[in-house]
Structure formats: structure tokens, C-alpha cells
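I have placed the structure first, in the form of C-alpha cells, so that the comments after it can refer back to it.
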Amino acid sequence: MKKLLCLVLAAWLACAGCGSKSKESLYEEGVKQLKASNPASAVVYFKNALEKDSNYSDARYQLAKAYAELGKYEQAEKEFTKVLKQEPSRDECLLDLAKIYNATDKGTQGFALGEQYLAKHPGAVEGLEVLGISCAAQKKYGESLNYLNQALKAQPTRSSTKMELAAVLSATGQVDQARGYLNEVVQNEAKPLKALYMLAALEKTAGKTDQAVTLYTKILQLDPNQTQAQYKVGLILIEKGELAKAAARAEEMIKSHPKKGEGYRLKGLVSYFSRNYGEAITALQQSVKLAPTLDAYQYLGLSYYNKGELETALSQFRIILDRVPTSRAARLMVAQTLLTQKRTDDAIAEIKKALAVDDNDAGAHNLLASAYLAQGLFDDGMRELNRATQIDPKLVSAHLKKGALYLSKGRSAEGESELAAAVQVAPNVLNSRLLLASYYQRQGNSAKAVATLNAGLKGGKDDAPLLNALAALQFASGKKNEGVQSLEKAKRLDPAFVGSYQNLAGFYAASGDYPKAIAEFSAQLKQTPGNVRALFGLAALSELSGKDADALGFYQQAAQTKAPEAQLALASYLQKKGKPDQALEGIEQALKLDPRSLALWEAKGRLLLAQKEYRKALKAFDEVEALNEAQGIGLKIAAYLAMHEGPKAIEQAGRLVSRRPSSPDGYLVLASVYQRLKDLPMAIGEANKAIKADPQHVEARLALGGLYLEQKDMAKAQAVYQEALKLHPDSAPVQFALGSLCDLTGKKEEALRRYRSIVAQHENFAPALNNLAYLCADGYGNKEDALRYAISAFRLQPGNAGVMDTVGYALLRNGKTAEAVKVMERAAQLLPQDPSVQYHLGLAYHQAGDRGKAQQALQKSLSLGEGPDSKATRQLLAQLKK
């Protein structure tokens, strides 16, 4: 209590005389504090100046700068925005605000402000530098280097540009060049603090901690008040395990700089790593009061998590995500905390957000595996575990690590031995046992896989995950009754384990037994009310059964959870059912909750476009452009093409090219415009320019291959796709492009193999599931697998009429003619101009014994022009006419 009183008293004394001072003197004192590296004190003076005159824009501008120095970016953004409203001609504020956006992962908005500045000051080095930083914030490193090199050419001695170049070069692995630029700054500046910090960070990343300490010491010799350098040395001590030395340094920092947050932050970290979580919380709370930083909030959240105060922990991690939505560490800790709270679906949603930013995140895949396994989703969990160990074999425990490493090198015997050892050492660790079972399954040794799982069964509720895994193996080997029995047993042992219901529902749905599947999803909902996955399953099955009112009800229930994917699914369903106004109303409601959702704005624009509300659609696409420039412009181009305004479409694409000539985005958009206008040579030329701009760009190569396909040049398309596969061997779209090419050229077995490979790695990649289902239904695989894959694709894309057609075709091949007819009729309504869909409908009518409707559908198919099924259509029609 005494300490708190002292702090309050000190704050009161600091501004006790503020009331009698003029706004000018308060402003001057604030500037003085800012120059002395005391932004917290500066804030007090500038706020007092503004209390005397709220229109004092100089004070407001300096207040924004002080907030930026403190890391309070949200407040800084607000103040800079107010300054621009007061003084629109204050151009330096554009640059400051752009820097805030770049620092908070809003590179697109930062880029727009940089362009605005350059429009007023053509060729200005400051503007070029901001554009370079904005591109780097978006990880567009090639474009970033281009702008920064232009800036350096305009002013060769500019230190800030050299440091930004060093940052980009370091991020792209060009460490020696980065070091060179930084050393130039150190040699040419009297007090090169930032360059020394960056050099120290480079050395630390390279594992040269002693050199890093030397550089931090040099910083302190130049400026003893650089508490950040002291803090960095303290972190190195913690990493070395020298906690006592780090604690002594923290106390020294607090004593010499009691109004700065670094000392308290270091003290909090020492306490955290000493497992004194209560002390860590006290110190870190003081740290964020004085100078809030992301790492302080992260460790504060971790401390609460370790104390078991989960909701408080969540609030700390969410503070970070509010400021930096792409923060991996905070996102994964939110997911981990939700998992601990058994809020598994929410955890999965958070992990998927992290993977959307970086799909090569082994930790995220491993956490997702734990979430799926907690739900009893064996196949999903094993896929994620295997993906995690493929990315980083060091991720798991010692034996498991060695096992994965041996297996990755083809040393199967050693790998099996290590995995078995992992199970022996920790027989109750689920991941080890499941990974070993998965290994046996992939080797074709189902008996060993089953034995491994059976050995873990204890007869209690903890058996439920293992029984679900056992059921997956039994279904895979054709032992359907045993699989159902395993899942029913899992339900009895642990009725709250929702994976059992999910897996049973999936089995019944794939078998065409919709009532039983619906019963299982309904039972799951009793355990987890509002579960979006179960509601989607019920909606999809109701729709397939022709129960439209029930389907709508389930989509509406899902939408009530406020999950964006549920809002989009409801809108898609309503639009499909001819209720676009209701669909649009739902999207509008969702946007009130999440006004920065790119997917929702795009959905709104597309709905308006479908209603030919072109001007309103363009406004919605303006919002998309503000969030993602290339995507927004692409959608606006689609609108202009729908309006038959080709020149405007080309003009829009030209905007992207002129703004970013070193980026592939503009050329790709321009290529798509020429493709829509049927000018394939021009489209191919633009796609080649995109590849030249970025040879690693996978979308550019896919676009070029697609254009060659449109020209019927299969050899060139194949060559382009193969080159893309060399660059991106794990890319599902590239693998799918090659599979589709095989499919198109009659190499069905190879296409089947490629589709299976994609589904094994990316089980939610709907195009591969759909095509795999179709080939299986066509006799190239198991007809029951066809229905299973088709249902999975439909659950992922319930609004896709092409997928609906595949479901109908799979139902037909499985002898479920009545259901097939209902589904085919619905698909034909949605795709009235597709000859293959009409052929399938004719086939369904024929199998149902309705000769008249069959002939009508087959004749319509032929009237729509030649298609892949035209020959079969003629043969069946001739047969019916006999």
C-alpha cells in the first residue's frame, strides 16, 4: 500500500503546477521530456496542454508521437487521425500514421498513406522508405527492396533507409549484406543506437551471445539511460540460466529508472522462469502500467495460465491479438487455454487462424492434432501430427522425435523401435500411442496398429479417444460392424466425448443412412449445444434429404453462434434458395459484429453482384480493397466485366501494375481480365510477367498453366505445373492442378493417386475430395468411398452445385436412387446450362424407371453442346428410344 501511495504522490507532484502554466510552456516541457526519452512524462504535459486548448494541433501531434514511443499504437493512431482532420495539409502526419500501421501489421493501409504522401511529394525519400516498410510488413520483400533501393539512390547517406534495408535483407537470409549496411551506419553516425541494437539482434540470432552483449554494452556506454539494452542483456542471462544475475540486474534497473517498465519486466521474467508466478504477475503488471509491451502481456498471460486463472490469462493474450492480430505466440496460447477449458471447437478455430498466416507452423499443427484427438477425430489428428513431425522432427518428446526422424529418412526399423519405446516410457501419453498406430497402419500392418490401441484400453472414460482411433482402423479394413461397436462403447464410457457422435454420424452419412446420421449429430448437440460442425452436418443431411425447412433451421442455429463461417453458410443457402434479400440482411448483421471481415465484405459484394446491383457491389469491393488491395481490385474487375465495361476492368488492373511494377499481383489480375475477354495471347504474356516479377509465386504458375489448358496445349500446361511442384511440393492447389490434368487427358488411375495423396495431406481440400469421389463413383475406386468423399466435400461446400451433382452421382452408384433423384434435380436447377449435370439427372431418372423424364433430361444435355459425357448421353438416349 505504501508503494502505491508513493507512486500516486510522485505523479501528483509531477503535474501539480500544470494548472498555472500556459499551454505553450506545457508543450515545451513535453517536447523536452520526449527528447530526454521520457515519453510517459511527455504524455502528461501534452494532455494538460490539450485540456487548455483541444485544438492545439502541435500538442496533439507530439502526444501521438509520445504514445507511439510508448508502444501504445491504438492511442497514437487515434491522435494522428485527429491531427489530420484538424490539419489535412500536415503531410508529415501521413508518414507517422503509416509507420503506426506498419508496426501493427496493417501494411496495406500504411502503403496507401505512403502513396498519398508521394502523390504530394513525388520522389520523396521519406515516402519511398514508408512504401518499402509497408511492403516488408506484408512480407512482399522483393517490392520492399525495390522501394528502399530507390530511396537510398535518392539519398545515399540516409541511415534510416540503410537500417530498413538491413531488416529486409536479414528477414530474407542475406545476413552479410544486412551487416554491411548496419556497419556503415555505425561508422558514419556519432550515436548509432538503433543500428547497434539491430547488429546485436543479428549476433544473438546467430547464437553469438557474447558478441551481442558486447554490442549492448557499447550502447550503454553511448547512453547509460538505454534501459532496453540492459533488459536485452538480462534476457541473455535468463537464457543462459543465470537467473540470480538477471534478478540483480533487474533490481539495479528498477532502482536507477523507477519510472521505466524494463526493470519490472525483467524482474517479472526472472520470477516466471523461477516458477514464482505470483511475483511474476505483480512485476509484469507494474511493467505494463509504465510501458505496455507485447512480450510483457504474453508473460503475464503465461503466468496467469500457470496459476490456473484461465479467463484472466485469455484476456492478456487477447490484448496482444487486438494490437497484432497475426501474433502467433498469443494466438496459440489462446488456443491452448481454450483447450485446457475443454472449449475444443473454439480452440480449433484459433489454431486455424494461425495456420492461415503460416501453414508451415509445426507447433500449430501439433496443437491442432491435440484438439482433434481430444474430439476423437483420429484421422484428422494423425494427419496433423504427421504434418507437425514432417515440418519439425524435434517437436515431440525424445523417443517420438527420434522415431519421426528415422521414419523421415526411410529407416523404418529404427523408427518403429523409437516409437514403441515412447509408448513404453509413457504408456498413457495418447499422442505417442496414436502415432505408433498410425505408422503401423501406413505400413499395411493393421493387426499391429489394432494391438497397439487395444493395449492402451483400461476400461474407463479415458478409453474413448483410443476406441475412436480403433474404429477408424476397423472401418478402413472393412470391419464396419466392429467399428460401430467401438464407437458405441466409447459413447457409453464417456457420453461427453463428442468425437464418438461425430464419427458415427460420418459413417452413417457415407453409408446413405441419413436418419441415423442425423440422430448422431442431434445427440452430439445435446452434449455441445451450438456446435457449428454438428449443425453444418445436420443442415447438409437435411438438404440432401429434401427437408429444406429443417436445413434452414440448422443454418440459422449455426449463424446464432456468430461464427463467420456460419453466417456465410446461411447466406449461401438463402441465395441458393432464391432469397438474396435475406442472405444480404444476414451478412449485414455479421458485419456489424466484425466490420473488418474480408470474407463478409466479399460475400456482400458478390450477393449484390448477383442481383445486378453493380454500384453497391463496387462499394462493398472498395471495403475489400482497403483490407486486401489485390483481392479488392480483382473483385471490382469482375464487377466491371459483368457490366460489360472491359476498358474499366483493364484500367483497374493497370492500377495494380503501375503501383507495384515489381509485384506479380497486378500482372496476374491483368491476365485474368484478358482471359475473360478471350484474349489468351495477351493473358499468357501478363502471366509470364508475373512469373518474371516473382519466380517463386505459385499462383502465377498455376494461372499460366490454366491459360495453356484453355489453349488445349496440354504439354505446356504439364511443364508449368511440374515446375510449380518443384518449387512448392506441399501445395494442394499445385498437386490438384496436376491431378486434374491427368483426369482431363484420360490418365484416371494417376489422377486417382494424386487426389488420394492430396486428401491424405489436406483432408479439407474440397476440390480434391469432389474429384476423388467422382472417379470412385465412375468405377476407378470403391463406390462406398465415393459417397464418403462426396459427403465430406458437400459438408465443406454445401452451396456448391457441382459438389451436389457429385453427391447425387455417388448416391446413384450406391443404389440409393430415390435420394439421388432429389439431389440431382436440385443440382440441375442450380446448373441448368451444364450438360454433364443434365446427363446425370437423365441417368438417375432412367435408374428410377421414369423413361419420359430421362429422355427429356438427356435431350437437354445434348442441346447444351458437347461435353465430356456427350457420347454416353447419346448411347443412353438411343437405348431409351428403342
Fill in the blank from the handout: Screening VAL324, VAL396 for residues that are surrounded by 20 or more Cβ atoms within 10 Å (Cβ to Cβ), more than 20 Å from ASP730 (Cα to Cα), among the aliphatic types (A, V, I, L, M) and at pLDDT below 85 leaves only VAL396
Exercise for the section: Look through region 188-208, keep the residues that are among the aliphatic types (A, V, I, L, M) and not in a helix (DSSP H, G or I), and return whichever of them is nearest to SER170 (Cα to Cα). Expected result: ALA206
Handout entry: Any hit, region 195-216, residues being aromatic (Phe, Trp, Tyr) and surrounded by 22 or more Cβ atoms within 10 Å (Cβ to Cβ)
Key = yes
Fill in the blank from the handout: Pairs returned, first residue in region 241-252 that is farther than 13 Å from SER274 by Cα, second residue that is charged (D, E, K, R) and at pLDDT 90 or above, beta-carbon separation under 6 angstrom, 6 or more apart or interchain, are ALA250/LYS267
Problem - Extreme residue, farthest from LYS516 (Cα to Cα), among residues of region 526-539 that are at pLDDT below 85 and in a helix (DSSP H, G or I) - result: VAL532
Completion exercise
Across region 751-767, the tally of residues that are within 17 Å of ASP778 (Cβ to Cβ) and surrounded by fewer than 17 Cβ atoms within 10 Å (Cβ to Cβ) stands at 1
Problem - region 327-371 - residue that is under 11 Å from the mean Cα position of the chain (by Cα) and closer than 24 Å to PHE536 by Cα and, of those, modelled with the lowest pLDDT - result: ALA356
Fill in the blank from the handout: Taking first residues from region 574-601 that are in contact (Cβ under 8 Å) with a residue 60 or more places away in the chain and second residues anywhere that are part of a helix (DSSP H, G or I), the pairs with Cβ under 6 Å that are 6 or more apart or on different chains are GLN575/ALA583
Practice task
Tally the residues that are surrounded by fewer than 16 Cβ atoms within 10 Å (Cβ to Cβ) and farther than 19 Å from LYS72 by Cβ, restricting the search to region 283-308.
Solution key: 3
Problem - Entirely in region 612-730, the helices (runs of 4 or more DSSP H) that have 1 or more residues that are closer than 27 Å to ALA136 by Cβ and in contact with a Phe, Trp or Tyr (Cβ under 8 Å, 6 or more places away or on another chain) - result: 614-627, 629-642, 646-659, 680-693, 698-710
Fill in the blank from the handout: Wholly inside region 315-379, helices (runs of 4 or more DSSP H) that include 3 or more residues that are in contact (Cβ under 8 Å) with a residue 40 or more places away in the chain, within 28 Å of GLY483 (Cβ to Cβ) and not aromatic (Phe, Trp, Tyr) are 362-374
Practice task
Report yes if some residue within region 127-149 is part of a helix (DSSP H, G or I), crowded, with 17+ Cβ neighbours inside 10 Å, touching a His at 6+ places or on another chain (Cβ under 7 Å) and of a type outside the set (A, V, I, L, M, F, W, C); otherwise report no.
Solution key: yes
Handout entry: region 74-114 - residue that is of a type in the set (Ser, Thr, Tyr) and within 23 Å of GLU625 (Cβ to Cβ) and, of those, farthest from the chain's Cα centre (by Cα)
Key = THR81
Handout entry: Looking only at region 811-856, and only at residues there that are among the polar types (S, T, N, Q) and within 22 Å of LYS547 (Cβ to Cβ), the one that is surrounded by the most Cβ atoms within 10 Å (Cβ to Cβ)
Key = ASN814
Handout entry: Residues of region 100-126 classified as at pLDDT 85 or above, assigned to a loop (DSSP other than H, G, I, E, B) and surrounded by fewer than 18 Cβ atoms within 10 Å (Cβ to Cβ), total
Key = 3
Completion exercise
Within region 743-765, the count of residues that are part of a helix (DSSP H, G or I) and in contact with a Ser or Thr (Cβ under 8 Å, 6 or more places away or on another chain) comes to 1
Handout entry: Qualifying helices (runs of 4 or more DSSP H) (wholly inside region 802-866; at least 3 residues being under 35 Å from the mean Cα position of the chain (by Cα) and in contact (Cβ under 8 Å) with a residue 12 or more places away in the chain)
Key = 817-830
Exercise for the section: Test ALA558 against the stated conditions and say whether it is over 20 Å from ALA639 (Cα atoms), crowded, with 23+ Cβ neighbours inside 10 Å and either in contact (Cβ under 8 Å) with a residue 60 or more places away in the chain or not charged (D, E, K, R) (or both). Expected result: yes
Problem - VAL233 vs. criteria farther than 17 Å from GLY263 by Cα, in a helix (DSSP H, G or I) and of a type in the set (Val, Ile, Thr) - result: no
Handout entry: Subset of region 632-684 [free of Cβ contacts under 8 Å to residues at least 12 places away in the same chain and either buried (at least 19 other Cβ atoms within 10 Å of the Cβ) or among the small types (Gly, Ala, Ser) (or both)]
Key = GLY632, SER658
Fill in the blank from the handout: The one condition SER37 fails out of (1) more than 26 Å from LEU627 (Cα to Cα); (2) out of contact with any Cys (no Cβ under 8 Å at 6 or more places or on another chain); (3) in a helix (DSSP H, G or I) is (3)
Practice task
Could you look through region 468-520, keep only residues that are at pLDDT 85 or above and not in a helix (DSSP H, G or I), and pick out the one that is surrounded by the most Cβ atoms within 10 Å (Cβ to Cβ)?
Solution key: ASP494
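The values are calculated or read from the model by the stated rules, or taken from the named source; none is laboratory data. Since we're looking at a predicted model, the values are computed, not measured. Please note: Cβ atoms are built from the backbone with ideal geometry, for glycine as well, and neighbour counts cover all protein chains shown.
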